[in-house]
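Right, one structure below, let's go through it.
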Amino acid sequence: MGMTIAQKIIKEHLLSGEMVRGSEIGLKIDQTLTQDATGTMAYLEFESMGIPRVKTERSVAYIDHNTLQSGFMNADDHRYIQTVAAKHGIWYSRPGNGICHQVHYERFGIPGKTLIGSDSHTPTGGGLGMLAMGAGGMDVAVAMGGGAYCIPMPGMIKVELTGRLTGGVSAKDVILDVLRQLSVKGGVGYIVEYAGPGVETLSVPERCTITNMGAELGATTSIFPSDAATKAFLEAQGRAEDFRPLASDPDAEYDKVISVDLSALRPLAACPHSPDNVKPLSELSDIRVDQVCIGSCTNSSLTDMLRAASMLKGKKIADTVSLSISPGSRQVFSMLAECGALTDLIDAGARVLECACGPCIGMGFSPNSAGVSLRTFNRNFLGRSGTKDGQVYLVSPETAAASALTGYITDPAGPDAPQADISIYDVPEKFRINDSGIIAPLDEEAAKDAEVIKGPNIKPFPETEPLADKIDASVILKTGDNITTDHIMPAGSRILPYRSNIPYLSQFCFEVVDPEFPKRAQEMAPGIIIGGQNYGQGSSREHAALVPLYLGIKAVIAKSFARIHAANLVNAGILPLIFEDEKDYDRIQQGDALELADIHAGLKEGRIIARCPAEDGPDIEIPLRMELADRQKDMLLAGGLLKYTAGL
Ligand code: MIC
Ligand code: SF4
């Protein structure tokens with residue numbers, strides 16, 4: 001039987017397991033990346049393993065999330081990451097050098113290689129034909145140490161692309177259409193592979209917009225073939241030698257196939273507060289806009305910025321709109337400056353921000369009260385922008401630019417909108433290469449004496465414990481469906497500087513859902529959380545497991561889990577349990593006392609019963625199942641991933 005591209009890469013990297021859908025496979029990891037908001041924990045975890053030098057082909061530590069440096073905290077983290085990277089063979093991308101995913105595909109990504117990153121948008125590299133996956137920090141630490149990255153063997157979804165994008169419609173609209181078709185949970189357990197004649201019409205940066213936002217489908221990753229466009233991109237980055245062609249076999253089999261006719265596609269927007277709440281712009285045209293942001297790892301390539309600049313050139317944004325642009329990398333920034341497009345953006349009224357995540361993660365530029373913000377980003381979860389009642393719409397750079405001019409949501413394919421035309425700029429064929437923002441690690445000899453500097457903001461990660469055979473715990477919180485890691489452990493400028501300080505962070509756990517949660521959890525510990533469908537979607541932040549661990553949470557019972565969060569819970573020694581019958585969700589209430597007994601025997605069978613004493617009559621019994629690989633069961637018994645790895 002023929003193979004898909006992803007299956008070929010998996011086969012080449014298979015260290016353990018069989019390529020049978022749902023069963024656990026262990027993969028050799030060629031490259032890793034971290035960013036600073038998850039990086040400090042990942043490197044503390046790596047250090048605790050006592051391995052002197054990373055065993056990957058390339059590991060890179062990026063600083064892109066926490067660049068505000070209000071107070072010593074961020075700067076402490078940066079210095080720790082820089083020194084730990086230098087010592088252990090890891091490349092360091094300085095603050096201001098750009099967003100990890102953008103810089104990685106520009107400078108380091110290689111078709112056919114495996115990459116894991118402690119950031120959920122690591123699949124961006126799939127646009128270059130990499131098998132690139134988001135993971136928790138502990139998994140990245142283990143991979144840096146040469147360990148396998150273990151995942152359930154995913155199924156395959158094919159997205160057949162036909163036709164060619166027309167004026168005003170862009171790659172962002174493609175992924176918004178896929179989200180409309182599949183929803184934020186439609187990709188769980190799958191790799192999404194793009195195929196068909198439309199593929200060759202898309203450039204690598206356009207493909208990376210699509211694979212980036214595949215994270216919002218809940219997919220393990222997304223991938224494009226490596227073809228003439230990939231070759232041209234790598235050549236233009238001065239990396240022709242990294243090219244390798246990759247295509248699926250003609251008789252490759254997929255579990256699901258959907259299609260997108262690029263020629264028929266119209267501009268779309270994801271409306272508040274979910275990336276799959278997708279509507280055509282034609283239905284949104286009366287909405288007044290307060291703020292427009294162009295940037296983020298989804299849409300901050302040179303082409304994205306040039307398209308927006310060409311539409312804004314010689315014009316002024318509406319008086320009522322505040323426009324920000326954040327180029328994705330120093331390369332994009334310097335090329336924008338060189339060709340004059342930056343001046344056009346500034347003259348039109350844009351506020352130019354640093355090459356970093358910035359507003360995407362609530363690091364400044366929060367909208368006004370109930371403000372409408374149009375963002376070229378990938379997530380519009382409630383409160384993520386820093387303004388709880390902010391109304392965030394996710395759109396393409398073209399829609400963003402057209403709307404910034406009128407002050408209303410405006411269709412860039414409509415008759416009155418200015419057309420993007422990047423040919424007005426004299427842009428060289430080759431990208432401008434200046435890696436001054438990237439620092440190579442020390443050689444092995446020099447590394448031996450190098451000091452790793454930890455400032456007072458860096459606190460040890462919480463101790464994990466071996467799973468007890470019996471848990472008597474209270475239900476501290478019951479949530480609805482699609483709870484994101486932004487709900488569990490919010491980010492933003494107030495909180496993000498403390499990503500290396502779990503005790504401090506714990507005060508904000510579930511803040512947008514229930515501000516009393518941390519106090520209650522500590523008073524009533526040990527605790528259990530009850531969740532709905534797709535619990536833990538969104539970010540890869542392991543803090544969404546480490547903080548509940550710190551607050552005494554022993555188990556989470558949900559209708560279903562998002563992949564990375566479920567793995568993070570197990571890595572932290574917290575038991576993820578799934579209702580055998582979803583209707584039982586209604587039988588447990590916040591405040592109930594639950595008893596989980598004979599857990600060790602239950603682990604073997606993959607099933608346990610939760611008992612809840614009823615006021616009158618017999619106890620309520622609720623059967624729960626576990627979707628855990630044998631390795632994960634052993635890990636829970638050992639007390640989490642690090643203890644398990646140490647015991648191997
Ligand atoms: C995000 O977009 O939510 C983040 C911030 O990049 C996270 C990582 C983090 O929480 O540090 C992600 O996507 O994994
Ligand atoms: Fe940064 Fe936003 Fe991308 Fe996360 S989604 S990596 S916060 S730009």
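In region 297-313, which residue that is under 24 Å from the mean Cα position of the chain (by Cα) and more than 16 Å from ligand 1 (Cβ to nearest atom) is most open to solvent (accessible area, probe 1.4 Å)?
In this case the residue turns out to be 303.
Return a yes/no flag: does region 363-381 have any residue that is in contact (Cβ under 8 Å) with a residue 12 or more places away in the chain, open to solvent by less than 10 Å² (accessible area, probe 1.4 Å) and hydrophobic (A, V, I, L, M, F, W, C).
Within region 363-381 (the criterion being in contact (Cβ under 8 Å) with a residue 12 or more places away in the chain, open to solvent by less than 10 Å² (accessible area, probe 1.4 Å) and hydrophobic (A, V, I, L, M, F, W, C)), the answer is yes, since at least one residue qualifies.
When you scan region 417-435, do you find a residue that is aliphatic (A, V, I, L, M), in a loop (DSSP other than H, G, I, E, B) and within 16 Å of ligand 2 (Cβ to nearest atom), even just one?
Looking for residues that are aliphatic (A, V, I, L, M), in a loop (DSSP other than H, G, I, E, B) and within 16 Å of ligand 2 (Cβ to nearest atom), one finds none in region 417-435, hence no.
Considering only region 440-467, how many residues are at pLDDT 95 or above, among the β-branched types (Val, Ile, Thr) and surrounded by 14 or more Cβ atoms within 10 Å (Cβ to Cβ)?
Within region 440-467, residues that are at pLDDT 95 or above, among the β-branched types (Val, Ile, Thr) and surrounded by 14 or more Cβ atoms within 10 Å (Cβ to Cβ) number 1.
Only one of these conditions is not met by residue 29: (1) within 16 Å of ligand 1 (Cβ to nearest atom); (2) in contact with a His (Cβ under 8 Å, 6 or more places away or on another chain); (3) of a type in the set (A, V, I, L, M); (4) not in a strand (DSSP E or B). Which number is it?
(1)
Of all the residues that make up region 283-296, how many are within 20 Å of residue 174 (Cα to Cα) and surrounded by 24 or more Cβ atoms within 10 Å (Cβ to Cβ)?
4
For residue 558, all conditions in the list (1) crowded, with 24+ Cβ neighbours inside 10 Å; (2) farther than 19 Å from residue 152 by Cβ; (3) more than 20 Å from the chain's Cα centre (by Cα) hold save one; what is the number of the exception?
(2)
List the strands (runs of 3 or more DSSP E) that sit entirely inside region 81-156 and contain at least 2 residues that are more than 25 Å from residue 205 (Cβ to Cβ), in contact with a strand residue (DSSP E or B) (Cβ under 8 Å, 6 or more places away or on another chain) and open to solvent by 10 Å² or more (accessible area, probe 1.4 Å).
149-152
Each row is one residue, and each column tells you yes or no for (1) free of Cβ contacts under 8 Å to residues at least 40 places away in the same chain; (2) basic (Lys, Arg); (3) buried (at least 24 other Cβ atoms within 10 Å of the Cβ).
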site	(1), (2), (3)
389	yes, no, no
398	no, no, yes
416	yes, no, no
421	no, no, no
429	no, no, no
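Which number in (1) open to solvent by 50 Å² or more (accessible area, probe 1.4 Å); (2) at pLDDT below 95; (3) not aromatic (Phe, Trp, Tyr) marks the one condition that residue 470 misses?
Unmet condition: (2).
Quick check on residue 26: is it away from ligand 2 (no atom under 16 Å from the Cβ) and either open to solvent by 10 Å² or more (accessible area, probe 1.4 Å) or over 30 Å from residue 431 (Cβ atoms) (or both)?
In short, yes.
What are the residues in region 46-64 that are more than 26 Å from residue 130 (Cα to Cα) and aliphatic (A, V, I, L, M), if any?
Matches in region 46-64: 49, 51.
Exactly one condition in (1) touching a helix residue (DSSP H, G or I) at 6+ places or on another chain (Cβ under 7 Å); (2) under 23 Å from residue 329 (Cα atoms) is false for residue 83; which is it?
(1)
For the subset of region 33-54 comprising residues that are open to solvent by less than 20 Å² (accessible area, probe 1.4 Å) and among the charged types (D, E, K, R), which member is nearest to ligand 1 (Cβ to nearest atom)?
36
Would you mind telling me which numbered condition in (1) closer than 20 Å to residue 487 by Cα; (2) modelled with pLDDT under 95 residue 615 fails?
In the conditions (1) closer than 20 Å to residue 487 by Cα; (2) modelled with pLDDT under 95, residue 615 misses (1) alone.
List the residue pairs whose Cβ atoms are under 6 Å apart, where the first residue sits in region 524-542 and is under 10 Å from residue 484 (Cα atoms), the second is open to solvent by 10 Å² or more (accessible area, probe 1.4 Å) and among the aromatic types (Phe, Trp, Tyr), and the two are 6 or more positions apart or on different chains.
These pairs meet every condition: 535/561; 536/561.
Would you check which residues across region 332-350 are within 15 Å of residue 300 (Cα to Cα) and either at pLDDT below 95 or open to solvent by 20 Å² or more (accessible area, probe 1.4 Å) (or both) and list them?
Correct list: 333, 334, 337, 342.
Is region 159-173 home to any residue that is assigned to a strand (DSSP E or B), in contact (Cβ under 8 Å) with a residue 24 or more places away in the chain and farther than 17 Å from residue 262 by Cβ?
No: region 159-173 contains no residue that is assigned to a strand (DSSP E or B), in contact (Cβ under 8 Å) with a residue 24 or more places away in the chain and farther than 17 Å from residue 262 by Cβ.
Residue 67 versus (1) within 15 Å of ligand 2 (Cβ to nearest atom); (2) of a type in the set (S, T, N, Q); (3) open to solvent by less than 10 Å² (accessible area, probe 1.4 Å): which is the lone unmet condition?
(3)
Conditions: (1) away from ligand 2 (no atom under 15 Å from the Cβ); (2) within 26 Å of residue 151 (Cα to Cα); (3) of a type in the set (Asp, Glu); (4) crowded, with 21+ Cβ neighbours inside 10 Å. Residue 57 meets all but one. Number of the miss?
The failed condition is (4).
The values are calculated or read from the model by the stated rules, or taken from the named source; none is laboratory data. This is a predicted model, so every value here is computed, not measured. Cβ: placed from backbone, ideal geometry, glycine included. Neighbour counts: every protein chain shown. Heads up: the accessible areas ignore ligands, DNA and RNA and are worked out on the full protein's heavy atoms, side chains in. Shrake-Rupley method; radii C 1.70, N 1.55, O 1.52, S 1.80 Å.
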